[in-house]
Structures are given as C-alpha cells and as structure tokens.
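Read the structure below first, then the notes.
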Amino acid sequence: VDGGPAEEMRQAAEDLDKTGEIIAGIYSNKSGKPAAKIRQAMQSETWFDGAEAKEYGLTDTLTDEITLTAKFDLSHFRRVPEIIRNPQTNAAAQNRARASKPKNVMTREEIIALLKSLGIEVSDEMTDEQLKEKLKAVQNRQPNQPDNPPANAIAQPTAPPAQPQAASNPAPQSQPLANSTAEVAQLQATVIRINDRLEAERRQRVDNAVQQAVDEFRIPANQKDRWVQRAMAEEAVLDDLRAMPQHLPGGEPLRPRIVSPDIANIVGELNRLQGMEKAVFLNKHIERLRQVCNTNTVATELKRDVILADMIVAFARAIAPLRAFGTVFNNVALLGTDKIQAPYFAIESAASTSFNGTYAFGNTATDHKEITVDQRLYQGLTFTSSEFRRQPYFNARQSMILKAQKLACDVFDTIWGAVTLANFGAAVVNEAAASFDASHVGTVKLACDEAYWPTPGRSLILDSGHDNNLMNDSRLGGANYLSAEAIRQGSVPIVKGFTYYAVPNLPANAENLVGAAVFPSSILVAISPMQPAPAVMQTLVSYQVVVDPATGIAFEYRLWGTAGTDTTNEVVECNFGYAVGEAAALKRITEP
C-alpha cells in the first residue's frame, strides 16, 4: 500500500542517514578528522571518556569528575562499556586504565626549555623538524658524551672515571647530559614520547591543511586521504595544494569533449561536468534527453537537469535587456568579498587638442567601477507529497519555468528603477503609444549622435504599447524586424543603429517612462551566485549554478525537503548589484 509501514521505514532510514551526516560534519569540523572516519566511529557506537574525547579532538578542557544521580536507560545501546554499566565495582579498573594510558608529556615550549637546560642550542623560531633533529641527537648520546665535541677530536681509549672535584673548584656551566646508563635510558624514553607527540601534532596540522583544501573546493573530498599521505611524506605538497585553483559550482572552464551519443554515456558525462561546460553539453543533447525523460526509468537528477535547462532559457530570455547596460554575468561564487569590477567606458565629448610640441593630458581614463552585490531576489515553490502525487494538474516543472521567468523580470525591473529624471535628465521624446513610430526613433538617434555616442553598443528599450505601434511601421523593414532569430533571442539586431529590446510591463517609475536609449556606461550591473555555507550545503538535496550556454547568464537553484511537514521546497535565486554610471549615456522616452 502506498505510504504504508515499509515506505515509512524507508523514509525514516533516509532521514536518519541525513541526520547522521550532519552530526558527522559537526564532529569533523571540531576534531579535524575526516567526516567518513567520524561516520564509521558513529556506526560502530564508539564511546569516549573525558581524556579520550580530548585526545580525539572533541573537547578542549576536562573538569573534575561529578557524581550523577540521574538514571539512564542503557538498553537501547549495543556496546556500552562495562565501566559505565557498573561504575562502582569497576572504579579500580577505571583508575588502572587511566594510569596505563600514555600522557602528553610536554608541550613545544616545555621541549625547548628542556633542551636549553641540557645545554643544547635551540631557539623559539625552530621548526618542529629542527627540534626533532635535536631530540634525535640527544637520543643517540652516550653517557658523559659532550654536547658539541670539537671537530678535530681524536678518539681516546676509555679512561677510568674521574675523581670528584673539590668543593672549591666550581663545576663548569656545560654539564654532561647524563651520568649513567639508567639516566640515558630514561632520557631516551622521554625523547621517544616527545617525538610521538610532535609527529601526532604534525599529522593533525597536515590533516587540517588538506581538509581546508577540500572545503575550498581545491580537491575532491574522496581524494583527501591520498593527499594527506603525500603531504606527510613531503610537506611542500601543502604549498601545491594552496596554489591549486578552486573548482566551485558553475566555475568549470569550457573544454570541448567528444562523447558517444549513447544515452548512458551522455548521462555519465553530464554527471561529471559543471558550470558552462555542463550547460554547453546539455544544450547539445537536450532534445534526446527530453525524449528519455518521459519514461519512469530515468534518474530524478537527470530529469532535474533537463528542467533546469528549460528554466535557464526562460530566465535568460526575460533578463536579456540587461545586456544593454555594462553588465558582468559571473557564474562563479564570490569568496571573501561582495565586490565585482564592472567595465566602464565613459563617452568622450572633449574637443581634440592641437599639438604644440608637447602632449597635454587633462583627464584620467577609468575602465571599470566597483559594484557591490547586495541584492538578493528569489522565487520559491513548496508542495506536499500529496499535492505532488495526487493532484492531476500539478506540474512542478511548468511552475518553476514560470517562476524563473518572473524572477528575471523582477531583477530587470529593480535595476530599471534607477532610470529617473533625477539620474538622467529630461526625456528626449514624449509621445503616446498610438502615435509612436520610426520618426520618433530617429529623434532619439539624433540625440545620441549629438551626445557623441559611439555607434556600436547603442540599445533601445521600449514598453509593449510603443513596441506594438512601432512594429506596424513598414519603414523599419518587417523581414528583419520579425526574424526567427530576433524572436528567439528577445531582441532585434538593428533598428536605426540600435539593438532593440521590447519589455512587457516596463515600469513607468512614476514618471510616465516608456523606454530609453541606452549606452553601457549608463548603469553598471553585476550578477554573481552566493554559495551556501557548508552546514547549509549538507541539508540541501541539490544546489546548482545553472548557466545559459549562449550568454553566460546564470541563476542559483536549491532543493530540499522538510520531513516534519512532508513538503518539498524549490528556490530559484539571483544575487546582483548595480550602480548609476554616466548621466549622458541614457536618453529617456516618456508619454504624456
């Protein structure tokens, strides 16, 4: 029966696995040990006392023991230590176990102090490897062997022990390291323990450095153990790790590949790729994948990729007018900053200067401006299992495509809000939609010519009403205006020298605004994804930066479920920022 006990138990098992992974991640972050190793210890039901927990890295300090009066039901556990089941009768065994455990004899500072007290030349700046060499020399010393024998010393026959010096003859400051075989043996045992401590600290340091490379997406998590082994053999490997490029979601470079057209090979290659490379590959095979996605034997992840490909087409088409501005479409997450450098080239209107023997420079060129990515818009869809399974007309795919399109419109509308009288001056054309035609576009063109706009880079944006009347003007050349490519891209290649965009429901900004002629330096826009924090990433079923292969425009997609409310949650999101550029680089069009 659908939803019966078997289904409930499978769902409960999946929930427990997710919870276990989250807890393992918390332990891993605290102890520095691999999450897989932590997970194995959890599955084996590993118990720690205080000292063991500290040694494992799960706690920082130990307190005095306290006696608990509360009773705990231990019947649910499989491997409860006997010392916990019967703490009173096993107190003596507990003390013996603690006494037998090796203790961390010395810290680094104590090691240096010990070596100095024995007349060994050391400094606080020495590395662990240098200290280990000093300790190794101590370990190999024989009784009464001087610390630094002269280079020209000649071996002499063993002499009888010297007689004690008189009290009036003070002992030299540099004393022999040890005066008996027993003392040397004791010192050597101490050195062995110190070496073990240094080696353990070194391994922990190497493990942490490699884990950082994993967290920064420089190497895959499944390669961590191999890199730790290499770094333990030669720590210079860690420098190579830090210098490796990051492979963030959406950040893979484009590398053309030829694969078999067989569906299984297509799916395998698709799962391997990311970012722009994945977008190009998916676009190439999208029609074949749509056909197989109609069957129930295709993995959910593949169906999701096909849906996301349709969503990015709708998103890119609706947000296409942003290309009229100075826009940076970044599909790699920013790290450590929310700033992006956007290209900025000011319109040059200054008169040329006559050469009179020397060059005079009156201004400094600026080819970029800094944009803060501080806007975050999203569209979300949530639905229950019942809605998904039992409502015949529920279509999550179509719903998300519409939401991606609406998100793009809202992002554009937010940026278009900067097109105001205060920022860009009076309108160059003020005409009702019913009478707007090619002659008014000519008036706008003349205003741009008089402002010394370069011909390349000009764009024209109009609302639906003015676009409709302009479309009927035969002087524009209907064949070019209504070409299939123009409709597919959402733009017209050339209208009196302008790249043309018709925008439905263009915001009037409370100023009867119906359009504008735009040069890229008028408004600067930057779009970049916001990578979830590691703890959030572990709770997501899917996180992808979805890229349009034609334009590089991208949005973020998140998917997760909430078992407690039996809901699935999907979010399509855009993180962006913008700034007003040059006032002379935009000519407003209004209506009465």
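The values are calculated or read from the model by the stated rules, or taken from the named source; none is laboratory data. These figures come from a predicted structure and were not determined experimentally. Cβ coordinates were reconstructed from backbone atoms using ideal geometry, including for glycine residues, and neighbour counts include every protein chain displayed. With ligands, DNA and RNA removed, areas are computed over all heavy atoms of the protein, side chains included. Shrake-Rupley method; radii C 1.70, N 1.55, O 1.52, S 1.80 Å.
Tabulated values for the structure
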| item | result |
| --- | --- |
| Distance in nm between pseudo-label sites at Asn472 and Ser385 (7 Å out along the Cβ direction from Cα) | 5.7 nm |
| Residues with amide H under 5 Å from that of Ala346, placed H, sequence gap 5 or more | Thr366 |
| Heavy-atom accessible area order for Glu109, Glu277, largest first, 1.4 Å probe | Glu109, Glu277 |
| Probe 1.4 Å - accessible area at Leu377, Å² to nearest ten | 50 Å² |
| Extension gain (nm, one decimal) between Tyr452 and Ala583, 0.36 nm per residue minus Cα-Cα | 45.8 nm |
| Charge tally in the Cβ shell below 12 Å around Lys496, where Lys, Arg are +1 and Asp, Glu are -1, Lys496 excluded | 0 |
| Segment Asn208-Ala438, extension gain: residue separation times 0.36 nm, minus the distance between their alpha carbons | 76.1 nm |
| Computed accessible area, Ile192, all protein chains, 1.4 angstrom probe, square angstrom | 80 Å² |
| Over 19 Å between alpha carbons, listed pairs Lys369/Lys406; Lys33/Lys224; Lys278/Lys303 | Lys369/Lys406 |
| Label-point separation in nm, Glu199 to Leu58, each point 7 Å along Cα→Cβ | 2.6 nm |
| Added length on full extension, which subtracts the Cα-Cα distance from 0.36 nm per residue, Thr127 to Trp560 | 151.2 nm |
| Between the range 11-46 and the range 321-349, the alpha-carbon center distance in angstrom | 42 Å |
| Order by protection proxy (mean Cβ within 10 Å, highest first), peptides 224-231, 321-328, 535-542 | 321-328, 224-231, 535-542 |
| Area of Arg242 that stays accessible when all protein chains are in place (1.4 Å probe, Å², to 10) | 140 Å² |
| Heavy-atom accessible area ranking, 1.4 Å probe, most first, across Phe48, Phe345 | Phe345, Phe48 |
| Exposure rank, largest accessible area first [Ile194, Ile23; 1.4 Å] | Ile23, Ile194 |
